[in-house]
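Trainee: Handing you a structure now.
The values are calculated or read from the model by the stated rules, or taken from the named source; none is laboratory data. Note that this is a predicted model, so its numbers are computed, not measured. Note: ideal-geometry Cβ built from the backbone for every residue, glycine included; neighbour counts use all protein chains shown. The accessibility values were calculated without ligands, DNA or RNA, using every heavy atom of the protein model including side chains. Shrake-Rupley method; radii C 1.70, N 1.55, O 1.52, S 1.80 Å.
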Amino acid sequence: MSEATAAHAPDEQLTVGEMSRRTGVAVSALHFYEQLGLIASTRTPGNQRRYARHMLRRVSLITVAKRLSIPLSEVQEVFADVPMTETPSHEDWQRASRRWKHELERRREGIERLERELTGCIGCGCLSMKACRLLNPDDALGASGTGPRRLDDETA
């Protein structure tokens with residue numbers, strides 16, 4: 001049996017180099033994720049890091065989150081109930097997935113709302129959010145502060 005097809009024991013430990021190679025994530029990023037508590041390692045008697053095989057999934061999900069522009073603080077929240085000291089169960093991952101699904105739905109709704117707002121604004125032809133009679137008649141929102149007040153209120 002070749003190394004690529006060899007069965008791996010669930011308790012097999014991976015070096016930081018192996019983790020980096022398997023996930024495509026730089027060693028420095030793995031150290032950073034560990035500092036944030038997103039992943040964990042143990043140390044050998046020679047003080048070398050070793051990662052449990054199940055950390056591969058965590059690192060892969062962090063990579064996906066980064067591609068979706070999800071802040072690491074939100075990844076921390078989603079991973080909060082997923083055990084690090086033992087292989088997470090299917091239910092552990094399902095629970096995390098549901099939390100992420102709700103967050104992604106909220107983001108999608110925000111993007112759709114922004115699209116409607118921009119389409120309406122561009123469609124009116126006035127080219128001025130400050131004076132726009134459709135979205136901000138008489139600049140009523142100017143009294144509540146600077147910036148995109150309606151968008152801030154809706155996303156808060």
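Trainee: Of (1) among the basic types (Lys, Arg); (2) more than 30 Å from LEU56 (Cα to Cα); (3) surrounded by 11 or more Cβ atoms within 10 Å (Cβ to Cβ); (4) modelled with pLDDT of 65 or more, ARG95 satisfies all except one. Which?
Mentor: With (1) among the basic types (Lys, Arg); (2) more than 30 Å from LEU56 (Cα to Cα); (3) surrounded by 11 or more Cβ atoms within 10 Å (Cβ to Cβ); (4) modelled with pLDDT of 65 or more applied to ARG95, the lone miss is (2).
Trainee: Report whether or not GLU86 is of a type outside the set (Lys, Arg), on the phi < 0 side of the Ramachandran plot and part of a helix (DSSP H, G or I). If you could, list the steps in order and put the result at the bottom.
Mentor: On the way: of a type outside the set (Lys, Arg): yes; on the phi < 0 side of the Ramachandran plot: yes; part of a helix (DSSP H, G or I): no.
Considered against the rule, which asks whether it is of a type outside the set (Lys, Arg), on the phi < 0 side of the Ramachandran plot and part of a helix (DSSP H, G or I), GLU86 comes out as no.
Trainee: Separate question: Where residues in region 28-72 are in a helix (DSSP H, G or I) and of a type in the set (Val, Ile, Thr), which of them is most open to solvent (accessible area, probe 1.4 Å)?
Mentor: So in region 28-72, the residues in a helix (DSSP H, G or I) come out as 28-36, 55-67, 72.
Adding the requirement that they be of a type in the set (Val, Ile, Thr) leaves 59, 62-64.
Values: VAL59: 0, ILE62: 0, THR63: 33, VAL64: 66 Å².
Going through the qualifying residues, I end up with VAL64.
Trainee: Pairs under 6 Å by beta carbon, first residue of a type in the set (D, E, K, R) in region 77-99, partner surrounded by 15 or more Cβ atoms within 10 Å (Cβ to Cβ) and part of a loop (DSSP other than H, G, I, E, B), six or more apart or different chains?
Mentor: ASP92/VAL82
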